[in-house]
Amino acid sequence: MDDRRAVRDTYDRIAGHFAATREYPWPEVGEFLDGRTGALALDIGCGNARHAESLSTHADRVVGVDLSRGLLRAAVERAAERGFDVDLVQGDAARLPVRTGVVDMAVYVATVHHLPTRALRVASLDELGRVLSPDGRALVSAWSTTHDTFDRESGFDTTVDWTLPDGETVGRFYHIYDPDEFERDLAASALSVERSFLASGNCYAVVGPEGKRT
């Protein structure tokens, strides 16, 4: 079922508490950015802009896209407090509000697994391929069955509760990828895989544009 509004509403509901628990960028993002520079960087599913902040030291301009207005408000606050520049846009990962072929580097981490259908997940990877410049590169990640939380070998849909400070729980949709499935979705998209790896219970890939569909 394609219910992106439910995903948006969930993150609007938990945005303040969620953003407060997401202080530091992932080390894998730092490793990906090491030695990279460019004119335009993109953070897809930017949340509170913790990774956009990292991108801002590697690119002349950073654009952060998120479906949740609540998380975008948290990103505005973080950017003001920490003194970095980011252009923030409410948008859908499967329909990016970015011109074709202009992004030199991008991070698309911990977001694709929230899209509720395979068609949307592959469409979002297509969109990433569309906006990357010919020499552009991106880091993509998704939660994986290799995480200790799961005792499954094949990918599956699930709901993971987020607990608010008052004890209320809010369910969040996830598609948990198995590593082979992650590779298949990348191969089915407009991306080429430069390198893929597993770390901390996540599937990762460093990708460029113009992959071939299978």
Exercise for the section: Would you check if residue 6 is of a type in the set (Gly, Ala, Ser), farther than 22 Å from residue 123 by Cβ and touching a residue at least 12 places away in the same chain (Cβ under 8 Å)? Expected result: no
Practice task
List the number of the failed condition for residue 37; all other conditions in (1) surrounded by 14 or more Cβ atoms within 10 Å (Cβ to Cβ); (2) within 30 Å of residue 198 (Cβ to Cβ); (3) out of contact with any Phe, Trp or Tyr (no Cβ under 7 Å at 6 or more places or on another chain) hold.
Solution key: (1)
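Going by the conditions given, is residue 69 surrounded by fewer than 17 Cβ atoms within 10 Å (Cβ to Cβ), closer than 17 Å to residue 18 by Cα and touching a residue at least 40 places away in the same chain (Cβ under 8 Å)? If you could, list the steps in order and put the result at the bottom.
Working: surrounded by fewer than 17 Cβ atoms within 10 Å (Cβ to Cβ): yes; closer than 17 Å to residue 18 by Cα: yes; touching a residue at least 40 places away in the same chain (Cβ under 8 Å): yes.
Yes, satisfied.
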Handout entry: Residue check for residue 191: free of Cβ contacts under 8 Å to residues at least 60 places away in the same chain, touching a Pro at 6+ places or on another chain (Cβ under 8 Å) and on the phi < 0 side of the Ramachandran plot
Key = no
Exercise for the section: Output the number of the condition that residue 162 fails; it satisfies all remaining conditions of (1) surrounded by fewer than 16 Cβ atoms within 10 Å (Cβ to Cβ); (2) modelled with pLDDT under 95. Expected result: (1)
Practice task
Could you tell me whether any residue of region 88-105 is at positive phi and either outside any loop (DSSP other than H, G, I, E, B) or crowded, with 23+ Cβ neighbours inside 10 Å (or both)?
Solution key: no
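Between 106, 15, which is within 24 Å of residue 126 (Cβ to Cβ) and not β-branched (Val, Ile, Thr)? Full working, then the answer.
On the way: 15 fails: within 24 Å of residue 126 (Cβ to Cβ).
Testing whether each residue is within 24 Å of residue 126 (Cβ to Cβ) and not β-branched (Val, Ile, Thr) leaves just 106.
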Problem - Matching option when the condition is touching a residue at least 40 places away in the same chain (Cβ under 8 Å), small (Gly, Ala, Ser) and surrounded by fewer than 16 Cβ atoms within 10 Å (Cβ to Cβ), among 208, 201 - result: 201
Practice task
Select from region 21-36 the residues that are touching a residue at least 40 places away in the same chain (Cβ under 8 Å) and out of contact with any Leu (no Cβ under 8 Å at 6 or more places or on another chain) and list them in ascending order.
Solution key: 26, 36
Exercise for the section: Could you please let me know if residue 62 is modelled with pLDDT of 95 or more, surrounded by fewer than 22 Cβ atoms within 10 Å (Cβ to Cβ) and either among the aliphatic types (A, V, I, L, M) or not in a strand (DSSP E or B) (or both)? Expected result: no
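The values are calculated or read from the model by the stated rules, or taken from the named source; none is laboratory data. Values in this document were obtained by computation on a predicted structure and should not be read as measured data. Here the Cβ is made from the backbone with ideal geometry for all residues, glycine too, and neighbour counts use every protein chain on show.
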